[in-house]
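The values are calculated or read from the model by the stated rules, or taken from the named source; none is laboratory data. Small disclaimer: the values here were computed from a predicted structure and weren't measured. Cβ sites come from the backbone with ideal geometry, for glycine too, and all protein chains shown count toward neighbours.
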């Protein structure tokens, strides 16, 4: 038998495929990390908004006044340029056609991801005699 030396075509292709896969995975890491961060921010913003709604639901309906206030949750500092507002208003007459005693609560949390403003908005209705009343 001859002593053959060298690399076969199959071995060369296998090396190219493995190296290409490794390069592809390394190149996608920054994008994956960005998506994980964005998901974390959205989740935190939703938690803050839900907490604000829960806080408003604990207030007796007669003490729930129409206003527009800024959220003072310390977790907002974990969002880049994070800020939020809570708006309480009377129910829209087109929705509350029978003069029900209902307030609309709109919670908005904003922050910046990659210089783009991101927003989470939650809206709910709180009625007289509702939860915890």
Among the residues listed as 60, 66, the single one being in contact (Cβ under 8 Å) with a residue 40 or more places away in the chain and out of contact with any helix residue (DSSP H, G or I) (no Cβ under 9 Å at 6 or more places or on another chain): 60
Would you point out the residue of the range 112-133, among those that are touching a helix residue (DSSP H, G or I) at 6+ places or on another chain (Cβ under 6 Å) and at pLDDT 95 or above, that is farthest from residue 54 (Cα to Cα)? 120
